[in-house]
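Enquirer: Would you mind keeping the following structure in view while I ask a few things?
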Amino acid sequence: MSPSDEAFQELARIFSTRKNRVLEIELLPPGLGPLLQDECSIGITKKYLVQAFVTARRTFFENCTNTLCDFASAAAGDDIDSIVQEYSSNRLGYLLVSTEIILLFDCEHLTACNWRKRFLEARKKRHGLVLNEQEPFIPALDAELTLMTTYLCSPLPRHTKSPTLWQHRLWVLHELLQVGGLEAAFMHPQTGRPVGQNFQSKGAGYNLRNAACLLTSELAIVLRAGELHPRNYYAFSYMRQIFELLRKNLEETFDVALLAEPMINTVLDWCLAHPSDISGWMFQLHLLKTVQKSDLHVRAVDKVICYALDIGWEGESLWTFVDLSVRGFDLRDTLSHKLQVFPRTPITELAALDGGIPPSPWKTWLTLAKAYWTDGQQECKDI
């Protein structure tokens, strides 16, 4: 067996025995490899991954053509049972694990990602959406979600910020909502759904509690991805799309603001721990705009200003959030006292600071903060 085939077989064994568990995969320096495994923690060298990818790519393109033709027939309604029969065959098993290894090496491999979509669509066509007939399809979607979590939450160079993987996860979640409702989407293996649990047909289970639990689960994944890849625009955009998806599926009596409000403190704490991450701040602003409560707006922005003043933060991202929030929610008069504890520099006299108002709006607040720190130091000297 060639080194490439051996590497492929080792990774294939790991993926095929995953059993819907979320793995944490990272690249190892050459001296520690080629492959280390401790339960769900996987370490692999770049060379070993390249070797596995070579065999996976060859296996995929040698076997995918006929299967894709079968999928096309299945989509047209012809001989759908053949897909199920082939699912247990070695060829389809190798195709599935090959795409997983390909995406581990190249997270933007659209051919492999789209093949997995067509495979899931074929299974959906086979089982349909009739009550009690969609159960075999739901575990397949569960497995796909945990696979995406493995990619998106592992410390890999590009996966956490991959638009292809985030959009694929959104598509899978949309399919799961269609088939099993919010109850199925929330109670996938990541959150401990009992095995074999039955679900209602499309439209059942759309309730506020399950929606909130789903958002909490997805937010944890997004925040983890944001930690691994700073300024992760794609991750936070995914959360916005999840909100829109739930907005379309929730009953009219539910207000999406009720879903956003419990997340504000969690996201705010994350932003304060990562004050230079503009993507996180803009998502926090999105949540505040969704929840139309002026007292909540004041508390959130006040907390940010106090934090920045206490640690002497001058970064653009945080002060941009402050500026947009104050202007967007009309909080200037309410929060101006935060930067007027020193009587010598009121907001009305800001134009006199540094020769005039700074060109960027956020620098207005930074200029006030600098004056605040200067006055604070002067007061300490006077004491």
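Here, each number is a calculation from the coordinates, and none is a lab measurement. This one's a predicted model, so the numbers in the text were calculated from it and none came from an experiment. Cβ placement follows ideal geometry from the backbone for every residue including glycine, while neighbour counts extend to all protein chains displayed.
Enquirer: Which entries in Lys46/Lys124; Lys19/Lys117; Lys124/Lys248; Lys19/Lys248; Lys117/Lys289 show an alpha-carbon gap greater than 26 Å? Provide the component values of the computation, followed by the final result.
Expert: Working: Lys46/Lys124 36 Å; Lys19/Lys117 20 Å; Lys124/Lys248 22 Å; Lys19/Lys248 32 Å; Lys117/Lys289 34 Å.
Table pairs above 26 Å Cα-Cα are Lys46/Lys124; Lys19/Lys248; Lys117/Lys289.
Enquirer: Right, another one. Which order do peptides 11-24, 104-117, 154-167, 276-289 fall in by mean Cβ count within 10 Å, highest first?
Expert: Working: 11-24: 16.1, 104-117: 18.0, 154-167: 19.6, 276-289: 21.4.
By packing density, highest mean first, the sequence is 276-289, 154-167, 104-117, 11-24.
Enquirer: Residue separation times 0.36 nm, minus the C-alpha to C-alpha distance between Phe61 and Glu108: what's the value? Could the numbers behind the result be given before it?
Expert: Values: separation 47, 0.36 × 47 = 16.92 nm, distance 1.66 nm.
The span from Phe61 to Glu108 would gain 15.3 nm if fully extended.
Enquirer: Using a 7 Å offset from the Cα along the Cα-to-Cβ direction at both Glu244 and Leu36, what is the distance between the two label points in nm, to one decimal?
Expert: Here the answer is 4.2 nm between the modelled labels.
Enquirer: Can you give me the distance in nm between label points at Arg327 and Glu26, each placed 7 Å from the Cα along the Cα-to-Cβ direction?
Expert: Once both label points are built, they end up 4.1 nm from each other.
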